[in-house]
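Chemist: The following block contains the structure, expressed as C-alpha cells.
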C-alpha cells in the first residue's frame, strides 16, 4: 500500500511540475523534459518515503512507464493530430464537413512541414544545406520503436 501511495504521489508531483513549468515557459525539448520531471519527482518521493531498494526499482519502473505513455499522449494534445483535428472539425459543424474542406486544411504545409519543424526544434532532426538529417536523439528514439517492432515480429515499419 505504501508503494502505491508513493506512486500516486509521484504522479501528482510530476503533473504539478509539468503544469507549473509550462506556465513559465515551454521547454525546447518537451519529451525529454517531461521524462526528467517524472524521474525527478520519483527521486523526491523516494527520498521522502525512504523506500527499500526493491520498492525503489518498482517505483522507477512504474513512473518510467507512465512517463513514456504520458509523453506519447501529450504529443498528440500538444501538437496536431490529423485524426483528432478531423474529429474536432466534425464536432464543430452541425451540417457536416465536405471532403474538400478537410483536404484544404489538412495539406502538406499543415501535416508535413509543421512536423519537420517540430522534429528540428526538439532536436530529433537537423536541417542544413536544404536537407533534413536524423539527429542523435532522433536515432535513439527510432531505435526504440525498431526494437519493439522486431520483438513483436512486425518488421521495421514506416
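Read-outs: derived from the displayed coordinates by stated rules, not from any lab. What you are looking at is a predicted structure, and each value in this text was computed from that prediction instead of being measured. Cβ: placed from backbone, ideal geometry, glycine included. Neighbour counts: every protein chain shown.
Chemist: Past the 22 angstrom mark, what percentage of all C-alpha to C-alpha distances in region 2-78 do you count? Please report the intermediate quantities before stating the final value.
Modeler: Numbers: 614 of 2926 pairs.
Every Cα pair in region 2-78 considered, those over 22 Å come to 21 percent.
Chemist: Enter the angle in degrees (range 0 to 90, nearest 10) between the Cα long axis of helix 30-49 and the first principal axis of the Cα atoms of the chain, meaning the one along which they spread out most.
Modeler: So the inclination is approximately 20 degrees.
Chemist: Please give the helix 136-151 orientation as an angle from the longest Cα principal axis of the chain, in degrees from 0 to 90, rounded to the nearest 10.
Modeler: 80 degrees
Chemist: Which value at 222 nm does the chain reach when only helices count, each DSSP H run of 4 or more adding -39,500 (n - 2.57), with the total divided by all residues and rounded to the nearest 500 deg cm²/dmol?
Modeler: On the way: 7 runs with 110 residues, N = 158.
Helices in the chain give a 222 nm mean residue ellipticity of -23000 deg cm²/dmol.
Chemist: Determine, for 122, 98, the number of other Cβ atoms within 10 Å of each Cβ, and report the residues in order from fewest to most. Before the final figure, lay out each step's value.
Modeler: On the way: 122 20, 98 10.
In increasing order of surrounding Cβ atoms, one gets 98, 122.
Chemist: In which sequence would 73, 35 go, from the one with the fewest C-beta neighbours within 10 Å to the one with the most? Intermediate values should be presented prior to the final figure.
Modeler: Numbers: 73 10, 35 18.
Ranked by crowding around the Cβ, least crowded first: 73, 35.
Chemist: Compute the long axis of helix 2-24 from its Cα atoms, compare it with the longest principal axis of the Cα atoms of the chain, and write down the angle in degrees, 0 to 90, nearest 10.
Modeler: 50 degrees
Chemist: Counting pairs of alpha carbon atoms under 8 Å apart in space and at least six apart in sequence, what relative contact order in percent does the chain give?
Modeler: Working: 90 pairs, mean separation 27.2, N = 158.
After rounding, I find 17 percent.
Chemist: Going by C-beta contacts inside 10 Å, put 1, 124, 54, 89 in order with the fewest on the left.
Modeler: Values: 1 5, 124 20, 54 9, 89 15.
Placing the least packed residue first, the sequence is 1, 54, 89, 124.
Chemist: Taking the chain on its own, what percent of its Cα-Cα pair distances exceed 21 Å?
Modeler: Numbers: 7650 of 12403 pairs.
Percentage above 21 Å: 62.
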